[in-house]
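What follows is a set of notes on a single structure, which appears directly below.
The values are calculated or read from the model by the stated rules, or taken from the named source; none is laboratory data. Since the structure is predicted, the reported quantities are computational estimates derived from the model, not experimental observations. Cβ placement follows ideal geometry from the backbone for every residue including glycine, while neighbour counts extend to all protein chains displayed. Remember, those area values only see protein heavy atoms, side chains included, never the ligands or the DNA or RNA. Shrake-Rupley method; radii C 1.70, N 1.55, O 1.52, S 1.80 Å.
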Amino acid sequence: MASNAPVSKSGLYADPREDWLALRKEEVLDPQRPIVDPHHHLWDRGGQRYMIEEMAADIASGHNVIATVYVDCRSMYRTGGPEAFRPVGEVEFANGVAAMSASGGYGSAAICAGIVSHVNLLLGEGARPVLEAEIVAGNGRFRGIRHSSAWDADANVAGMYATRPKGLLLDSNFRKGFACLAPLDLSFDAWLFHPQIGELTDLARAFPDTKIVLDHCGGPIGIGSYANRREEIFAGWKASIREIAKCPNVVIKLGGLAMRLLGYDFHERPTPPSSEEAAAAWRPYIETCIEAFGPERCMFESNFPPDKGQCSYQVIFNAFKRIAAQYSEPEKTALFSKTATDFYRLKPG
């Protein structure tokens, strides 16, 4: 039977269309290069299905993906028990997928080799027992959490995040919960919009021993009230990226740029973009991040399936490889696998 779980969408990305994506096929560039994809989701709800079968099919399109990291997306929460512990169900789910992948029946990639779920850090010190439960549920694969702080006053930008609290990262209860991460050797994935990068910088400086990864190039916005202001917005975003890069405990994920959020209309075109077109659109953002953080603190991510709304897995990693062509071999290794492997303490193979 089909899942009866309700739709749960951010409104920031286009729905993937396999028939449309099939209109663009490319030869895979540098097909032997090992890739660790450090950011993808899995879900089956509201008619949207992206589970191990769909992920494995995308991986099988030609790139040499050796491992992946599952990231929080409110999938398979428990329906009963204490509210605070319901996200433990997501860890149990992702760990089950990892066990399926480890059987070898879905290709050679270690899917969900690392798991990032969610704990409500507004619980303060009450977050610790939930984190401990997720560590147990992860069976050695649980690496940290994401508590989205994305918020904007413009509901046309924020989508489902419009009702989230403003200034979450500055909240004293949130910070009490955040303080529970480092003693448990857990990391924090930060998902926010670019006007909030300064708040994350403040948090990173207050907790220098906590490992933080900034998702999706820091969420540059190009829609709603931010539309048609690309040069102006880019300048402010770039300054924020350079400032947070001064925090040695922060690394950054290069991706999330094929969502509607950035303001490109690739999903509305008759055919999907080529990797050359995608690389041209994303290059200024990705090069800025690499220049600020250095390749050893950057990692390419698919952000599938949200980014699948504008391009295929084949195209997205071809675009990344085009952008990375200028870097040395050790730098490419960092960008495509080593940074992610080190940050999430993965043991592929």
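Taking Cα centre as origin and charging only the Cβ of basic (Lys, Arg, +1) and acidic (Asp, Glu, -1) residues, the dipole magnitude of the chain rounds to 340 debye.
When a 1.4 Å probe is rolled over the protein heavy atoms, the share of accessible surface on region 60-213 that falls to carbon and sulfur comes to 53 percent. Distances between every pair of Cα atoms in region 66-181, grouped in 10 Å steps from 0 to the bin holding the largest one, split as 14, 38, 31, 14, 2 percent. For the chain, build the charge dipole from Cβ charges (+1 Lys, Arg; -1 Asp, Glu) around the Cα centre, then report which of Leu170, Ser240, Leu192 sits farthest towards its positive end. Of the listed residues, the answer is Leu170.
Throw me the Rg/Rh for the chain, computed over C-alpha atoms with Kirkwood Rh, two decimals.
0.93
The modelled label-to-label distance for the pair Val136/Arg164, using points 7 Å beyond Cα in the direction of Cβ, is 2.9 nm. Rg ratio for region 1-69: its Cα radius of gyration over 2.2 N^0.38 Å, N being its residue count, equals 1.29. Based on DSSP H segments of at least four residues, each scored -39500 (n - 2.57), the chain has a per-residue ellipticity at 222 nm of -9500 deg cm²/dmol.
Express the Stokes-Einstein translational diffusion coefficient of region 173-301 in µm² s⁻¹, to the nearest whole number, given a Kirkwood radius over alpha-carbon pairs, 10 °C and a viscosity of 1.306 mPa s.
The Stokes-Einstein estimate is 103 µm²/s.
Region 16-62 and region 153-198 have Cα centres spaced 28 Å apart. In a simple Cβ point-charge model (Lys, Arg +1; Asp, Glu -1; nothing else charged), region 221-346 has a dipole of about 180 debye relative to its Cα centre. Based on C-alpha pairs under 8 angstrom that are at least 6 apart in sequence, the chain has a relative contact order of 20 percent.
Packing order of peptides 238-248, 108-118, highest average first: 108-118, 238-248 (average count of other Cβ atoms within 10 Å over each peptide's residues). Hydrodynamic radius of region 115-181 by the Kirkwood approach over all distinct alpha-carbon pairs: 12.8 Å. Diffusion coefficient of region 1-123 by Stokes-Einstein, Kirkwood radius over Cα pairs, 20 °C, 1.002 mPa s: 134 µm²/s. Farthest towards the positive end of the charge dipole of the chain, among the residues Ile316, Ala137, Thr339, is the Cα of Ala137, using unit charges on the Cβ of Lys, Arg, Asp and Glu.
Work out the P(r) tail for region 241-349: percent of alpha carbon pairs separated by more than 18 Å, whole number. Here the tail beyond 18 Å accounts for 49 percent of pairs.
Take every Cα pair under 8 Å whose residues are at least 6 apart in sequence, average their separation, divide by the length of region 67-109, and the relative contact order is 31 percent. Using 24 Å as the Cα-Cα cut-off, could you pick out the over-long pairs in Lys211/Lys347; Lys308/Lys347; Lys211/Lys338; Lys238/Lys332; Lys211/Lys321? Over 24 Å Cα-Cα: Lys308/Lys347; Lys211/Lys321.
When peptides 210-216, 190-196, 46-52 are ranked by their average number of other Cβ atoms within 10 Å per residue, the highest-first order is 210-216, 190-196, 46-52.
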